[in-house]
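Undergrad: Below is the structure I would like to discuss, written out as structure tokens.
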Amino acid sequence: MSQETVKGDAFENLLREERQFPPSKEFAASANVQEGIYAEANADRTAFWADQARALLTWSKDFETALDWSNPPFAKWFVGGEVNAAYNALDRHVENGLGDRVAIYFEGEPGDTETITYADLTERVKRAANAFESLGVTKGDRVAVYLPMIPEAVVTMLACARIGAVHSVVFGGFSSEALRSRIDDAEAKLVVTADGTYRRGKPSSLKPAVDEALAEDGHTVQHVVVVKRNGQDVEWTEGRDLHWSEVMAAASPEHTAVGHDSEHPLFILYTSGTTGKPKGILHTTGGYLTQTAFTHSAVFDLKPDTDVYWCTADIGWVTGHSYVAYAPLINGATQVMYEGTPDSPHQGRWWEIVEKYKVSILYTAPTAIRTMMKWGQDIPAKYDLSSIRVLGSVGEPINPEAWMWYREVIGHGKAPIVDTWWQTETGAIMVAPLPGVTATKPGSAQVPLPGIAVDVVDEAGHAVPNGHGGFLVIREPWPAMLRSIWGDPERFKDTYWSRFEGMYFAGDGAKKDDDGDIWLLGRVDDVMNVSGHRLSTTEIESALVSHPWVAEAAVVGAADETTGQAVVAFVILRGEAQIAEGEDPSAVLRAHVGHEIGPIAKPRHVLVVPELPKTRSGKIMRRLLKDVAEGRDPGDATTLADPTVMQKIAADLRK
Ligand code: WTA
């Protein structure tokens, strides 16, 4: 790990960014949270979170202690309390007379729609809870979810939560190999999937990947429940596979939710780390629900009676968990759920959806904003976007140009932008402006939320003064924090808590500006961020070397204007590699990575090189490869064991 990423030109440019946009008087006056909330939280952080927990959730049994931190880094929040996530997201709203409120406006890619009220959704979740129980799923069992962005995804997650089963959602873009390793790691009993979905107007399949994943024996899966979505033909394993429509029709619509312990596992979500093996990030119930609900209300200024909220994230990522499946429903919001791609059937599809449903809060990723910028502002200009009043950004640093475009073209210069920093591990937003309080700055996530202790420290773990850069850390436990890595508490300690004594190390570089506002500068470890998706260099390297042609591989994230970073791989082929005439090793290896991990991990380029630059101790110098990948002249190569390697690579690439 080095600090090179926190220096450099990009940051110097950011530091010259001096524009500020204070909230309008009207917005500030009616905002859900006011400036005083910081002082309130600072006075007593745990009491602050205890108040939020009681205000935002209905507990079936009140908790005794807000935080037990007697065995760090293993935290327990709201100890002794019992709470049911699904009851809080559904039943209680119906009991409070809000059964007719729309919970989800579903928009399918082909244009089919569904309006689902809180009463409807509650009934569907109750049926699914009964159905899963009838299949032998009990409290604590794991359920793998491999579904597209359709309402059944949310129904499945909440039904699991209702009965205390632990869901493990696997993004539909992951391959059968990746799915199998996640099923095995979590020892899932049930898989919920669909025949497929639609992508850019064409059917795209999911069930075949499940079949392939389960083809080899030795797994723990007893049943596969299959939603019919695109109607494509699928293979059927009698006895194992069941139709969603049939199991739901057979299940009773009555189901009483019981409270689960506040620390009962809610879900596992796999994410890429610095080693090859994805980590199963474990989240539990009470703290996670409290912080997701609080942040959703405070950061987006959600007014559940009038707002229409739309988060474009897929449920396969943490944003889709916290800010599609859980927080909006806990808060009684009306939200849009869209199945497809932004350019199908035309590049105005998102803005058409905003106009149609009068979306007032939009939460998306910088990569999408940059893509829309490329398509041109004439496209959003064709639609009425006047309903928009808050804009959110997540997943990667947002460059000031994209921020300004978002503000002017989508927000008409009025809607505050909240740039939200957080991670799969943090469970909920940690650093973000409060839209009624903070004067926003283009490109900065700015301030730790009330009750959150984020800091920037140097190599030795000392807080850096304003105007300096270093590493982002979290100093105090927070309610939605990961509790462990599934099945590997040692790895949890090593990965996050060993770099700096007593602090959580996020893996991000950051800088404090002269006002003390935080600017995120990207990862400082071997994790890449491509279109807001986390990918591990090591994981892709392992996939490459698993191919018989490859002797050695090194992967870097090269800066990319649209996707933030792009995967570039350097490989050395084995002498004995049997490559047929006309076969292109780069294309074969790209496809191989797609098969091993999923299409999202396919390198943009696979460059075949004669050697890799290594230090005398044998460590690959990725920095030099990054220079090559980004089209720069690799600078100082004198620390290499063989200083001529870079010339050889450059010469080879010119061929
Ligand atoms: C990056 C996504 C800058 C960061 C919620 C982090 C960001 C990783 C921002 C987590 C932001 C997320 N500004 N960088 N607003 N939000 N990141 O686990 O590098 O998919 O460590 O969670 O995304 O990605 P993850």
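Undergrad: Being polar (S, T, N, Q), assigned to a loop (DSSP other than H, G, I, E, B), farther than 19 Å from M430 by Cβ and at pLDDT 95 or above: is that true of Q335 here? Spell out how you get there, then give the answer.
TA: On the way: polar (S, T, N, Q): yes; assigned to a loop (DSSP other than H, G, I, E, B): no; farther than 19 Å from M430 by Cβ: yes; at pLDDT 95 or above: yes.
No; evaluated as a whole, the condition is false for this residue.
Undergrad: When you check L147 against the structure, is it farther than 26 Å from V530 by Cα, open to solvent by less than 20 Å² (accessible area, probe 1.4 Å) and modelled with pLDDT of 95 or more, yes or no?
TA: Details: farther than 26 Å from V530 by Cα: no; open to solvent by less than 20 Å² (accessible area, probe 1.4 Å): yes; modelled with pLDDT of 95 or more: yes.
Criteria not met by L147.
Undergrad: Among what's in region 577-591 and is at pLDDT 95 or above and touching a Phe, Trp or Tyr at 6+ places or on another chain (Cβ under 9 Å), pick the residue that is surrounded by the most Cβ atoms within 10 Å (Cβ to Cβ).
TA: Out of the qualifying residues, it is L589.
Undergrad: Hey, T639 hits all of (1) modelled with pLDDT of 90 or more; (2) more than 25 Å from A209 (Cα to Cα); (3) not aromatic (F, W, Y) but one; which does it fall short on?
TA: Single failed check for T639: (1).
Undergrad: Tally time: how many residues in region 293-308 are under 18 Å from the mean Cα position of the chain (by Cα) and closer than 18 Å to F106 by Cα?
TA: The number of residues fulfilling the criteria is 0.
Undergrad: For the list (1) within 16 Å of the ligand (Cβ to nearest atom); (2) over 21 Å from S322 (Cα atoms); (3) open to solvent by less than 30 Å² (accessible area, probe 1.4 Å), I need the number of the one condition that I379 fails.
TA: Among (1) within 16 Å of the ligand (Cβ to nearest atom); (2) over 21 Å from S322 (Cα atoms); (3) open to solvent by less than 30 Å² (accessible area, probe 1.4 Å), I379 violates only (1).
Undergrad: Can I ask one more? Among residues belonging to region 530-544 that are of a type in the set (S, T, N, Q) and open to solvent by 30 Å² or more (accessible area, probe 1.4 Å), point out the one that is farthest from the ligand (Cβ to nearest atom).
TA: Kept after step one, since they are of a type in the set (S, T, N, Q), are these residues of region 530-544: 531, 536-538, 542.
Still in the list and also open to solvent by 30 Å² or more (accessible area, probe 1.4 Å): 531, 538, 542.
Numbers: S531: 11, T538: 16, S542: 20 Å.
It comes out as S542.
Undergrad: Then there's this: Residues in region 420-466 that are part of a strand (DSSP E or B), among the charged types (D, E, K, R) and open to solvent by less than 10 Å² (accessible area, probe 1.4 Å): how many? Step through it out loud before you land on a result.
TA: Our first condition is that a residue be part of a strand (DSSP E or B); within region 420-466, this holds for 420-421, 431, 440, 446, 448, 454-457, 463.
In the following step, the residues that additionally are among the charged types (D, E, K, R) were identified as 455.
So of that shortlist, the ones also open to solvent by less than 10 Å² (accessible area, probe 1.4 Å) come out as none.
Qualifying residue count, region 420-466: 0.
Undergrad: Right, something else. Against the conditions (1) within 16 Å of the ligand (Cβ to nearest atom); (2) free of Cβ contacts under 8 Å to residues at least 12 places away in the same chain, where does Q423 fall short? Just the number, please.
TA: Of everything listed in (1) within 16 Å of the ligand (Cβ to nearest atom); (2) free of Cβ contacts under 8 Å to residues at least 12 places away in the same chain, Q423 misses just condition (2).
Undergrad: With the checklist (1) more than 16 Å from the ligand (Cβ to nearest atom); (2) small (G, A, S); (3) part of a loop (DSSP other than H, G, I, E, B) in hand, flag the one item G316 doesn't pass.
TA: Checking G316 against (1) more than 16 Å from the ligand (Cβ to nearest atom); (2) small (G, A, S); (3) part of a loop (DSSP other than H, G, I, E, B), the one that fails is (1).
Undergrad: Output the residues belonging to region 407-420 that are of a type outside the set (A, V, I, L, M) and near the ligand (Cβ under 10 Å from one of its atoms).
TA: D419, T420 - these are the residues of region 407-420 that are of a type outside the set (A, V, I, L, M) and near the ligand (Cβ under 10 Å from one of its atoms).
Undergrad: Condition test on D343, is it more than 16 Å from the chain's Cα centre (by Cα) and either over 30 Å from S542 (Cβ atoms) or within 16 Å of the ligand (Cβ to nearest atom) (or both)? Walk me through how you get there before you give the answer.
TA: Values: more than 16 Å from the chain's Cα centre (by Cα): yes; either over 30 Å from S542 (Cβ atoms) or within 16 Å of the ligand (Cβ to nearest atom) (or both): yes.
Against the criterion (more than 16 Å from the chain's Cα centre (by Cα) and either over 30 Å from S542 (Cβ atoms) or within 16 Å of the ligand (Cβ to nearest atom) (or both)), D343 qualifies.
Undergrad: From the list V390, V431, which residue is at pLDDT 95 or above, in contact with a strand residue (DSSP E or B) (Cβ under 9 Å, 6 or more places away or on another chain) and within 9 Å of the ligand (Cβ to nearest atom)? Before the answer, list the steps.
TA: Values: V390 fails: within 9 Å of the ligand (Cβ to nearest atom).
Every option except V431 fails the conditions.
Undergrad: Could you check W350 against (1) assigned to a helix (DSSP H, G or I); (2) hydrophobic (A, V, I, L, M, F, W, C); (3) in contact (Cβ under 8 Å) with a residue 60 or more places away in the chain and say which number it fails?
TA: (3)
Undergrad: Give the residue, chosen from K382, K441, K356, that is more than 25 Å from G111 (Cβ to Cβ), out of contact with any His (no Cβ under 9 Å at 6 or more places or on another chain) and of a type in the set (K, R). Spell out how you get there, then give the answer.
TA: On the way: K382 fails: more than 25 Å from G111 (Cβ to Cβ); K356 fails: more than 25 Å from G111 (Cβ to Cβ).
Within the list K382, K441, K356, the selection yields K441.
The values are calculated or read from the model by the stated rules, or taken from the named source; none is laboratory data. Since we're looking at a predicted model, the values are computed, not measured. All Cβ positions, even for glycine, are placed from backbone atoms using ideal geometry, and neighbour counts span all protein chains on display. Heavy atoms of the whole protein, side chains included, go into the accessibility calculation; ligands, DNA and RNA do not. Shrake-Rupley method; radii C 1.70, N 1.55, O 1.52, S 1.80 Å.
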